[in-house]
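*Asks:* Below: one structure in structure tokens.
The values are calculated or read from the model by the stated rules, or taken from the named source; none is laboratory data. All values derive from a computational prediction rather than experimental measurement. Reconstructed Cβ throughout: ideal geometry from the backbone, glycine too, with neighbour counts over all protein chains shown. The accessibility values were calculated without ligands, DNA or RNA, using every heavy atom of the protein model including side chains. Shrake-Rupley method; radii C 1.70, N 1.55, O 1.52, S 1.80 Å.
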Number of protein chains: 2
Amino acid sequence: MSTETTIGEKLRELRESKELPLRKVSALLDIDVAILSKMERGERKLTKGIVLKLAEIYGHNADELLVLFLSDKIMYEIQDEDLGEKALKVAEQRVKYLKASKKK
Amino acid sequence: MSTETTIGEKLRELRESKELPLRKVSALLDIDVAILSKMERGERKLTKGIVLKLAEIYGHNADELLVLFLSDKIMYEIQDEDLGEKALKVAEQRVKYLKASKKK
DNA sequence: CTAAATTTGACAATTATTGTCAATGTGAAA
DNA sequence: TTTCACATTGACAATAATTGTCAAATTTAG
């Protein structure tokens, strides 16, 4: 499940599957074509807003893209860290703890 | 397992358990006392280097502190995100995938 | 009270990120 | 080759974020 792809690569795949040129998509997003090019190749950071707009443009499930987007940011934080996996597990515990203590 | 504490709070606890004033510790770290104060309270970002030095100063297990430090950074990325937990799981998969494909 | 410890806020200096643009590179068509 | 659309690259200034430094204010312990 989306384990071998970055959000940028995924967005490029989606764009190409729709046969849309960067030029058109960047116009819809109202950003420079160079920036979108770099975002797809991971050279510039994506924002949540851009990801959501692209989900809309490509007619693709937004949550799936957001999860990939967030996990990319997480991966960036733990890159090359031996303790990354442990840190992820601790973070999971903490998320669960927060959920539990946040009464609905 | 360290689910209710930030790295800053943990470092403050350690310092207080050793009865060391900020003044002395910040001198050992060669940083301003104000910065260390803010780091302990989460108002300024800690660095890996500072965490390691503090582990040394307090004679505390460095890995445990690093895991907490990294998980803090992860938590920061997914704060308030409904999809945070899913993103963590995907990140775990990806870490495992990377480990597997990186032949030793 | 007083003295040490800590916190707070303001500020300039540094560093990072951003958008913009032009030049360059790539590939397909003919 | 020439042309054309598409994409990439790098340089640059503008903007924003982070940093260290300091002094004043506040809190805490005696």
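*Asks:* If each label sits 7 angstrom from Cα along the C-beta direction, how far apart, in nm, is A:K18 from its counterparts in the other copies?
*Replies:* 5.5
*Asks:* Excluding residues fewer than 8 places away in the same chain, name every one of the lysines whose C-alpha is closer than 17 Å to that of B:K24.
*Replies:* The qualifying lysines are B:K38, B:K53.
*Asks:* Just the accessible area for B:T5, please: 1.4 Å probe, Å², rounded to the nearest 10?
*Replies:* It works out to around 30 Å².
*Asks:* Placing one identical point scatterer on every Cα of the protein assembly as shown and ignoring solvent, what is log10 I(q)/I(0) from the Debye formula at q = 0.09 Å⁻¹?
*Replies:* Per q value, in the given order, log10 I(q)/I(0) is -0.45.
*Asks:* On a 1.4 Å probe surface of the protein chains, which of B:Y76, A:Y97, B:Y58 comes out largest in accessible area, and what is the full order? Please list the in-between numbers first.
*Replies:* Working: B:Y76 135, A:Y97 90, B:Y58 5 Å².
Correct descending sequence by accessible area is B:Y76, A:Y97, B:Y58.
*Asks:* May I ask you to report, in nm to one decimal and beginning with the shortest, the distances from A:A100 to the same position in the other copies, taking label points 7 Å along Cα-to-Cβ?
*Replies:* 3.0
*Asks:* Exactly which GluC sites (Glu not before Pro) in region B:19-104 are in a DSSP loop and have at most 11 other Cβ atoms within 10 Å? Working shown, then result.
*Replies:* Values: sites: B:E19, B:E40, B:E43, B:E56, B:E64, B:E77, B:E81, B:E85, B:E92; in loops: B:E19, B:E43, B:E81.
Those satisfying the criteria are B:E19, B:E43.
*Asks:* Please give the calculated 222 nm ellipticity per residue for chain B, where each DSSP H segment of at least 4 residues contributes -39500 (n - 2.57) and the sum is spread over every residue; nearest 500 deg cm²/dmol?
*Replies:* On the way: 6 runs with 73 residues, N = 104.
The per-residue figure over chain B is -22000 deg cm²/dmol.
*Asks:* For region B:7-101, count all C-alpha to C-alpha pairs, find those more than 17 Å apart, and express that count as a whole percent of the total. Display every interim value, and only then the final one.
*Replies:* Working: 2465 of 4465 pairs.
Result for the distance tail: 55 percent.
*Asks:* Which FRET efficiency, nearest 0.05, do B:N61 and A:E16 yield, Cβ-Cβ r, R0 30 Å? Walk me through the intermediate numbers first.
*Replies:* Values: r = 49 Å, r/R0 = 1.62.
Calculated transfer efficiency: 0.05.
*Asks:* For chain A, report the accessible area per residue in Å² (1.4 Å probe, heavy atoms, rounded to an integer).
*Replies:* Numbers: 6360 Å² over 104 residues.
Spelled out: the 1.4 Å probe surface of chain A, per residue, equals 61 Å².
*Asks:* Another one. When each copy gets a label point 7 Å from Cα toward the beta-carbon at A:K38, what are the spacings between them in nm, shortest first?
*Replies:* Distances to the matching label points in the other copies: 2.8 nm.
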